[in-house]
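Written below as structure tokens is the structure these notes are about.
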Amino acid sequence: MTDFTGFRFNRRALLRGAIGASIMAMAPQLRAATPAGYRALAFSGGGAVAAGDSFLTSEDGGATWRQGARPGASPVALAAHPERSGRLIVALEGGGVAVSDNRGETLILGGRGLPAAEISALATAARLPDTLYAAIPGDGLWRSEDAGESWEFVMDRPFIAGEERDVLSLASVDLASGMGGIWLYGGSTAGLQRVPDCFCRWQDVQPEHALDALVEGAEAPEPRPLPAGEPVRALISSAAAPSRLWAALPSGIWISADAGLTWETANAIAATALAGDPTNPDTLIAASPDGLFHSRDAGRSWTASTIL
């Protein structure tokens, strides 16, 4: 992998001045919404990782944590994939990404082709462990197919309530209804949308069999979306149960059992980061301004974690 010098902008280079100014103005606001100390979470290599001024690691699903390595730059987002044990993709404060194959002990810089701007959301593709997605405020969605070494622009920001919205959270979801079986969900500053992996267009979550129901003269399920206008600070799916989604909003943690068509509030924790055990959809961890928490009942109840 390469260092961050010599970055080139994509086909939107003519916008770089406006984008840069927008990002610089927006970055403090985005950072202010993150919890003190712990800004990103992931499950990797059979354990959990929390990132702040240092990495914390947990081997018991987030109940207890131990101090790990101290990175040279502050992480703002983490991504991992169950098929790449121990690997962490780390978005860095101020811009750029790094890759660790030992859960944060060492970092190798990557990010060739990315704008020199801070990433607001990061995710790995559900079926492709070396494919990554990153959202950049004021710009759009980027993809890497070589584990973060090089990147290309693939999608503008979602258009919600009359304007383009920045994406704060991403989740790649393995569903039969997606183009090629995969949907990429994006939680924005004002709601949730998704795009199939063809990257044709962002769209609201619709019933999987709505067209079949229309043809047959039956009623399609009625969507019950997340509260309108709230930022979706964190968004995760379960590899073990792809139709189950969790979203962290200012109003609390919300749960969907049908891939985001209908949502219900589960808990009032004001989480700003979430992660789920890819082998057990009932095991979740969360970060909030009050610290780290863990759940063993799919997010219905939460217990404060202990840092040893």
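Rule-based calculations on the coordinates, nothing more; no lab input. This one's a predicted model, so the numbers in the text were calculated from it and none came from an experiment. Here the Cβ is made from the backbone with ideal geometry for all residues, glycine too, and neighbour counts use every protein chain on show.
Filter region 103-119 down to the residues that are under 23 Å from Gln67 (Cβ atoms) and free of Cβ contacts under 8 Å to residues at least 60 places away in the same chain and list them by number.
Hits for region 103-119 are Arg103, Gly104, Glu105, Thr106, Leu107.
Given Leu109, Leu114, Leu141, Leu122, which one is among the hydrophobic types (A, V, I, L, M, F, W, C), part of a strand (DSSP E or B) and over 16 Å from the mean Cα position of the chain (by Cα)?
Of Leu109, Leu114, Leu141, Leu122, the one residue that is among the hydrophobic types (A, V, I, L, M, F, W, C), part of a strand (DSSP E or B) and over 16 Å from the mean Cα position of the chain (by Cα) is Leu109.
Just one of Ala270, Ala241, Ala247, Ala257 is buried (at least 19 other Cβ atoms within 10 Å of the Cβ), at negative phi, under 19 Å from the mean Cα position of the chain (by Cα) and of a type in the set (A, V, I, L, M); which is it?
Ala247
If you go through region 37-73 one residue at a time, how many are hydrophobic (A, V, I, L, M, F, W, C), outside any strand (DSSP E or B) and touching a Leu at 6+ places or on another chain (Cβ under 8 Å)? Before the answer, list the steps.
Step one: list which residues in region 37-73 are hydrophobic (A, V, I, L, M, F, W, C), which gives 40-43, 48-51, 55-56, 63, 65, 69, 73.
Those left that are additionally outside any strand (DSSP E or B): 63, 69, 73.
Those still in the list that are touching a Leu at 6+ places or on another chain (Cβ under 8 Å) too: 73.
Summing the residues that are hydrophobic (A, V, I, L, M, F, W, C), outside any strand (DSSP E or B) and touching a Leu at 6+ places or on another chain (Cβ under 8 Å) in region 37-73 gives 1.
Which numbered condition trips up Gly113, out of (1) out of contact with any Ser or Thr (no Cβ under 9 Å at 6 or more places or on another chain); (2) surrounded by fewer than 24 Cβ atoms within 10 Å (Cβ to Cβ); (3) on the phi > 0 side of the Ramachandran plot?
Evaluating Gly113 over (1) out of contact with any Ser or Thr (no Cβ under 9 Å at 6 or more places or on another chain); (2) surrounded by fewer than 24 Cβ atoms within 10 Å (Cβ to Cβ); (3) on the phi > 0 side of the Ramachandran plot leaves (1) as the failure.
Does region 253-277 hold any residues that are of a type outside the set (A, V, I, L, M, F, W, C), within 19 Å of Ala77 (Cα to Cα) and outside any strand (DSSP E or B), and which are they?
Answer for region 253-277, where residues must be of a type outside the set (A, V, I, L, M, F, W, C), within 19 Å of Ala77 (Cα to Cα) and outside any strand (DSSP E or B): Thr272, Asp277.
Please state which of the following conditions Ala135 fails to meet, knowing it meets all the rest: (1) surrounded by fewer than 24 Cβ atoms within 10 Å (Cβ to Cβ); (2) of a type in the set (A, V, I, L, M); (3) without any contact (Cβ under 8 Å) to a residue 60 or more places away in the chain.
That leaves (1) as the condition not met.
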